[in-house]
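Asks: Would you mind keeping the following structure in view while I ask a few things?
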């Protein structure tokens, strides 16, 4: 039995308890990053849904199921073009539990914020491909809505909701599947930290 999800929930709860005093005690200072680089590290959990979930081969070990989920960590190096917009490149590690598959997303990141303050609503878009234990690179698109908050001097946190669309190509021996294509449409949550 896979106990990854309960540990992940405990981690997220602990993180929220540690960060919550900062959410309400910070003044809403101006965001000082007019231009320059930043490093963003993200942890995410997304849940596939849609037409490919619950249908496929007779052996469900190779199909997307209702309990399928993707856990991952991504790192992005962004360059702020102005206080509202950043662009960057990212790479990550993600694991789909059903069917079991590990891959490495490589993507372009565009991140925007509504205000020039450190505490503001944000949005981000990722376009990329998959590397690793896959038959073909496949396409990845992610869109997120979230909130950025100031934690320490040059340390920010993002809390986000994700929509993700991925084309994963993977053949499994003796799976009974007609093709090696997985159309993975999913929603989920992420938390990330950015160092200015």
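Please treat every number below as a calculation from the coordinates, not as lab data. Treat the numbers as computed from the prediction; the structure is a model and nothing was measured. Cβ coordinates were reconstructed from backbone atoms using ideal geometry, including for glycine residues, and neighbour counts include every protein chain displayed.
Asks: Please work out how much length the chain gains when fully extended from residue 81 to residue 93, using 0.36 nm per residue of separation minus the C-alpha to C-alpha distance, in nm with one decimal.
Replies: On the way: separation 12, 0.36 × 12 = 4.32 nm, distance 2.69 nm.
Extending this stretch completely gives an extra 1.6 nm.
Asks: Would you mind calculating the gained length between residue 137 and residue 39 on full extension (0.36 nm times residue separation, minus the Cα-Cα distance), in nm to one decimal?
Replies: Numbers: separation 98, 0.36 × 98 = 35.28 nm, distance 2.51 nm.
Gain on stretching residue 137 to residue 39: 32.8 nm.
Asks: Expressed in nm to one decimal, what extension gain is obtained for the pair residue 154 and residue 196 from 0.36 nm per residue of sequence separation less their Cα-Cα distance? Working shown, then result.
Replies: Details: separation 42, 0.36 × 42 = 15.12 nm, distance 0.51 nm.
Difference between extended and current length: 14.6 nm.
Asks: If you line up the Cα atoms of segment 87-166 on their principal axes, what length do they span on each, largest first, in Å?
Replies: Ordered largest first, segment 87-166 gives principal extents of 44, 20, 19 Å.
Asks: Modelling each spin label as a point 7 Å along the Cα-to-Cβ direction, I'd like the residue 100/residue 49 distance in nm, to one decimal.
Replies: Roughly 2.8 nm, to one decimal.
Asks: Okay, moving on. Give the order of 195, 70 when sorted by the count of other beta carbons within 10 angstrom, beginning with the fewest.
Replies: On the way: 195 12, 70 23.
Starting with the residue having the fewest Cβ neighbours, the order is 195, 70.
Asks: Sort 140, 45, 161 so the one with the fewest other Cβ atoms within 10 Å of its own Cβ comes first.
Replies: Working: 140 22, 45 19, 161 13.
Least to most surrounded, the residues fall as 161, 45, 140.
Asks: To make sure I understand, if each residue's beta carbon is the centre and we count other beta carbons within 10 Å, what order do 117, 149 fall in, fewest to most?
Replies: In order of increasing Cβ crowding within 10 Å: 117, 149.
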